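Since every read-out is calculated from the coordinates, none of them should be taken as a lab result. Remember, it's a predicted structure, so these values are computed and weren't measured experimentally. Glycine also receives a Cβ, built like all others from the backbone with ideal geometry; neighbour counts cover every protein chain displayed.
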Amino acid sequence: MEASSTYGTQTPVKAFSKAPRLSEMDPLERPSFDEVKEVLAGQTLVIPNLRPIFQHWPRDVNPALSRLQKAVFDGIENCWPDADFDTLSFMAHLVLWAWYIEGYTDNLVADEAAAHGFRSEAKKSRQLLLDELFTYLEGTELEAKMRSRGQMPSYDRYLSMRTSANGSGFFLVVSAAADRDVLAKCPRWLELKKTAATINFLVNDLLSAKREFKTGEYLNSVILRAYDLDSVDAGVAECIARIKGLVQEFDHQAKAILDDTSQVGNVRSSAAGAIETMRSFNVGSLEWRQVCSSPKQAS
């Protein structure tokens, strides 16, 4: 099987904002999951430590975590004593959001114009969140259809679907929602968010590749490229190269945003905060996934 010319490069992955319609998916001549299993059978999948790629990004633990746990969870357990875990978790997040809105507007009680401005911006942020949520739901629907077909999509189609179905875009928008100046005055921020989201799902694909290979869940970028390149090692190496390239691209995009806002102090400060939040989100996601996945995985 001929190897792709992109192997080993650090060309950034193209990020998509919308999942493709099922009618736009690849024709049926793409390999079946059984064919993928047959080609890759017997190969060893080893995942190296990804932390060095992100060593220049922040890796901190929020010092308010224990206080937050006590303030929220010690209270809601009495409000919904019969709720199951998923319901209780949802209510905890809803309580946090309500507390944030209440606390912020209480601080603006003497400034009616500022309070009105905050509520107006909150409505705009809510629409952004809803857009991300609907994109995520559409992506998960397409992912389910891809799985039911039992055939591998092309790499570009997979990336398009995964960018939507990953769901990290929703959390990245939430993270920056407080920095309203960024959303209003930094149009490059959306491109930065796409890059951050793509990094997020590629890291997830890499760390979950062994488990998904063992369970026959071959809808994974590492496994897809391993099949195309006829080598598990090549699929892993290409994914790592892409992640490295995207981290570099993120840093380049972030610098451009900060340069654009250098003459407006408050906007630049908000932009810098949103950028560091996106970096921390990805590093934190990596650390969380490392708990579920060994740095070295072999099949």
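So the values come out like this:
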{"quantity": "Out-of-range pairs (alpha-carbon distance over 26 Å; input K123/K244; K123/K194; K194/K214; K145/K194)", "calculated": "K123/K244; K194/K214"}
{"quantity": "D251/A64 FRET efficiency (R0 30 Å; Cβ-Cβ; nearest 0.05)", "calculated": "0.60"}
{"quantity": "Around R51: net Lys/Arg minus Asp/Glu count, Cβ-Cβ under 9 Å", "calculated": "0"}
{"quantity": "Segments 274-284, 157-167 sorted - mean Cβ within 10 Å per residue, highest first", "calculated": "157-167, 274-284"}
{"quantity": "Label-to-label distance, nm, for residues given as R147 and S120 (7 Å Cα→Cβ offset)", "calculated": "4.4 nm"}
{"quantity": "Simple spin-label estimate for F90 and D259 in nanometres, 7 Å along Cα-Cβ", "calculated": "4.6 nm"}
{"quantity": "Segments 201-209, 33-41 sorted - mean Cβ within 10 Å per residue, highest first", "calculated": "201-209, 33-41"}
